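The values are calculated or read from the model by the stated rules, or taken from the named source; none is laboratory data. Bear in mind that the values here come from a model prediction, so they are computed numbers and not experimental data. Methodologically, a virtual Cβ is constructed for each residue, glycine included, from the backbone with ideal geometry; neighbour enumeration extends over all protein chains shown. All accessible areas refer to the heavy atoms of the entire protein, side chains included, with ligands and DNA or RNA removed. Shrake-Rupley method; radii C 1.70, N 1.55, O 1.52, S 1.80 Å.
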Amino acid sequence: MARKRKVGFLQQFNGPRVIGPFRVDVILVVILSFVLIYTVLILASVTISITMLSSFALTFFATKLYIKAKEKASKGFLWHLLYVSGIWSVKEDSKKYEELNRMDVKNYIPDCTDKIFYD
C-alpha cells in the first residue's frame, strides 16, 4: 500500500512576487530607504558610526511602517497610487484583456489625468 503524505500547500498561491521568504516590494523599500538615509547622513558630514547605526535603525522603522500601512490598505492600493501619480499606466493588450476584443471603441482604458467619465 502506498503511504499517504501530508503535503504543505502554499498559503498565498496568487500572492505578490517573492525572493526567498521576502516580498519584492519590501526588499525595494529596505534598499531604497537605506541608500537614501545613508546618502543624506554622509552628505551632512555625520561620523560613520552614527551614520551606519542611524541608517539601519531608520531603515528598520521605515520598513515596519511600510508593512503596517500596506496591510491596512486595500489590495491594489500601491498600483492605484502609482497610476494616479502618472508613474505607471495600463497598456491596452488584447491578449491579456479579452474584453478589449469585444469593444467597439478605441482607447477604452482611461488615462491617469481623466477626471470625468461618460457612458
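Search segment 80-98 for residues being of a type in the set (A, V, I, L, M, F, W, C) and closer than 21 Å to Arg17 by Cα, and hand back the single one that is surrounded by the fewest Cβ atoms within 10 Å (Cβ to Cβ).
At the first step, the residues of segment 80-98 found to be of a type in the set (A, V, I, L, M, F, W, C) are 81-82, 84, 87-88, 90.
Then drop every residue that is not closer than 21 Å to Arg17 by Cα, which leaves 81-82, 87-88, 90.
Working: Leu81: 12, Leu82: 13, Ile87: 9, Trp88: 13, Val90: 13.
Across segment 80-98, the extreme among qualifying residues is Ile87.
Among the listed residues Val90, Val84, identify the single one that is closer than 22 Å to Val29 by Cβ and hydrophobic (A, V, I, L, M, F, W, C).
One residue alone meets the criteria, Val84.
How many residues are of a type in the set (S, T, N, Q) and under 30 Å from Ala44 (Cβ atoms) if we restrict to segment 54-97?
5
So, of the residues in segment 6-46 that are touching a strand residue (DSSP E or B) at 6+ places or on another chain (Cβ under 7 Å) and in a helix (DSSP H, G or I), which turns out to be modelled with the highest pLDDT?
Here the residue is Ile27.
Write out, first by first residue and then by second, each pair whose Cβ atoms fall under 8 Å of each other, whose residues are 6+ apart or on separate chains, and whose first residue, in segment 85-98, is of a type in the set (D, E, K, R) while the second is surrounded by fewer than 10 Cβ atoms within 10 Å (Cβ to Cβ) and assigned to a loop (DSSP other than H, G, I, E, B).
Glu92/Asn107
Under 7 Å between Cβ atoms, which residue pairs at least 6 apart in sequence (or on different chains) link something in segment 30-42 that is within 10 Å of Leu58 (Cβ to Cβ) and among the hydrophobic types (A, V, I, L, M, F, W, C) with a partner that is open to solvent by 60 Å² or more (accessible area, probe 1.4 Å) and part of a helix (DSSP H, G or I)?
Listed by first residue and then by second, the contacts come to Ile37/Leu58.
How about segment 74-94: which of its residues are out of contact with any helix residue (DSSP H, G or I) (no Cβ under 9 Å at 6 or more places or on another chain) and not in a helix (DSSP H, G or I)?
Passing the criteria: Lys75, Gly76, Ser85, Gly86, Lys91.
Name every residue in segment 50-79 that is surrounded by 11 or more Cβ atoms within 10 Å (Cβ to Cβ) and among the hydroxyl-bearing types (Ser, Thr, Tyr), in order of residue number.
Passing the criteria: Thr51, Ser54, Ser55, Thr59, Thr63, Tyr66.
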